[in-house]
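Report on the structure given below.
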Amino acid sequence: MHRDYLIIEGGRSLKGEVLVSGSKNSSLALIFASLLSEGESLLEGVPELLDVRNAIEILKFLGAKVKKVGNSLKILPKEIGCMAPDCLVRKMRASVMLIPPLLKRKGRAVVSMPGGCAIGVRPIDQHLKYFKRAGVEVEMEGGYLLLRGKKLRGCEFTFDRITVTGTMNALMLSSCIEEETYLHNVALEPEVLDLVEVLKKMGARISLKGRSALVIGKRDLKPFKHRVIPDRIEAGTLLVAGAITKGEVVLRGAIPEHLKSVIEALRRANQEVLLEDGKIYIRGKSPIKPLSLETREFPGFPTDMQAQFMALLCVAEGRSLIRERIFENRFKHVGELLRMGARIYVKGDLAQIEGVKKLYGAEVFSTDLRASAGLVLAGLRAEGITLVKDIYHLDRGYERLEEKLKKLGAKIERETQV
Ligand code: EPU
C-alpha cells in the first residue's frame, strides 16, 4: 500500500472550469454486471481510480479479458471461474456484486464474507435474505460465503431497509430469472438507475414505480455498450471546494438532478449556485450560513457528502447540526478537523458544529474515502500548511483530485513517503 500524502497551502480562492469524471459506484456495479453475459461489453467514461483497478483485477483473475483504452473498458468474460480472489475482494466491499453473475454463469459463488469497515458494521443480511427468497442456498464456512443457485425463482421481496448494493444485487439476479420478481423498498440512487438502464440493454424488462420494481429477466442476457453517469459525489465535492475557498468554479458534465439536495444545501448556506447551459456554477459567498442536515437515501442529502459539508460548516457563521442516519460510524474526520481548529461535538449520530473564524493547517490522517475529501477541503481553506496523510483512501474514489484542484488554482502537491 503506498503512503502518499498531500501538502496543501490553504487560503487560495479556486477559479475555473473543471470536468466531472464518471461515477465510481456506477462503474463498479457495471463492471461486475458485464459478467452476466458471455459476450463483449463496452463501458465508457470509467474513472481511473484504485477501486476500479481492483475490480478489473478481480475480473482478470476470474478469467475475463479486459482491455482498457483511456476511460473505456472492453470486457470479454467468455469463460470465468466461480471463486473470487480473496485478497482483492477483501479490499473492496463492492465485490459482493460478483455474486449474481457467478450464480448465473456457474450456478455457484464463493466469496469471502465482507467484514465491517471504517464507516460502520455494514452487514449484508438484506442481500442474503433476497438471495434465499430467490432460491439460492447460502452457507458460511471459515469466513467464506458459499452460494448455490441451481434453481432460481421469481418472488416478491421487501427490503427491511433501503440498501444501494443490496438493491443492485437483487436487480442483477432477478434479471437472469424469467419469472416475475417484485422488489419493494428499493434504493433509487442514480447509480442504481444506471444499472437498471444497463440491465434493460442486456434484455431484462424492468419497470419502476416509486420504491417498487417489477423485473422479468432473461436467461441469455446480451452484452451492452454504455457510458457511465458522471460522479455526483465528485461534483458535490468540487462545488464545496468552490464555496469553502470563496471561489468561482464551473462544473462541466455533472447532472444537476443528481445533485438537487446538495445544491439546495449550498444555497441555504448562502452560496450562489447557478445552472446554465448544462453547467453548474458556484460562487463562494460570505458569510457561510449554518445548516441543519440529515443524511438520507436518495433523493435525500447523501452520506457521501457529509464529511465535505462538515468541513464547510466548520467556518460557517453560527451553529450547525449534522445527523448521520445511514452509517453508524461516519464521523472519524471530526477528530482530524479538531486538530485544524474546528469546534465540533459529537453525540451518537449527531454532530454539533460551532463555526470558527479560521481553520489552521495541521498534519491530519485520512480514515476513509469521503473523510479524506473533507480534510482536503478544510486544508484548502485553512491558514498555513496542511498535510493530508494516507491518501490511498482518497485514491480509491477520486480521479486525480489534486490535479483538478491544482488546475483551479489550489496550491496542492502529492508527495510519496519513503
Ligand atoms: N445495511 C444493512 N443490511 C444490508 C445492507 C445494508 O443493514 O444488507 C445497512 C448498512 O450497514 C448501512 C445502510 O444499510 O448502514 C446503507 O447501506 P447500503 O447498503 O445502502 O450501502 P452500500 O451499498 O454498502 C453504497 C455505496 C457507498 C454509499 C452507500 C450509501 C457503493 C459501492 N457504495 O454502499 O459509497 O455510501 O451506498 O449511499 O455503491 C463511497 O463511495 O464512499 C461509499 C461508501
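Coordinate-derived values only; no laboratory data. Since this is a predicted model, take the numbers as computed values, not measurements. Cβ atoms come from the backbone with ideal geometry, glycine included; neighbour counts cover every protein chain shown.
On a C-alpha basis, how far is the centre of the range 291-335 from the centre of the range 128-203 in Å? Whole number, if you could?
Each part reduced to its Cα centre gives a spacing of 30 Å.
Using a basic spin-label model with each label point 7 Å from the Cα along Cα→Cβ, how many nm lie between residue 19 and residue 264?
3.2
Stretch residue 392-residue 137 to full length: gain in nm at 0.36 nm per residue minus the Cα-Cα span?
Between residue 392 and residue 137, full extension yields an extra 88.1 nm.
I need the peptides 15-21, 128-134, 235-241 ranked by packing, meaning the mean over residues of other C-beta atoms within 10 angstrom, with the highest value on top. Walk me through the numbers before you get to the answer.
On the way: 15-21: 17.3, 128-134: 19.7, 235-241: 27.9.
In decreasing order of mean packing, 15-21, 128-134, 235-241 become 235-241, 128-134, 15-21.
When a/c reaches 1.5 or more, the comparison of a/b and b/c decides; with that in mind, is the range 226-303 rounded, prolate or oblate per its Cα gyration tensor? Show your work: numbers first, answer last.
On the way: a/c = 2.08, a/b = 1.20, b/c = 1.74.
Oblate.
Please give the peptides 331-337, 86-92 ranked by average Cβ packing (other Cβ atoms within 10 Å per residue), highest first, as a rough proxy for protection.
331-337, 86-92
Over 10 Å intervals from 0, what percent of Cα-Cα pairs in the range 143-296 sits in each interval?
Binned Cα distances yield the sequence 10, 30, 25, 20, 12, 3, 0.
Just need the relative contact order of the chain here, percent rounded to a whole number, with Cα pairs under 8 Å and 6+ apart.
Working: 1001 pairs, mean separation 92.5, N = 418.
That works out to 22 percent.
Quick one: compute the contact order of the range 134-249, relative version, from alpha carbon pairs under 8 angstrom and 6+ residues apart, as a percent.
Contact order relative to length: 20 percent.
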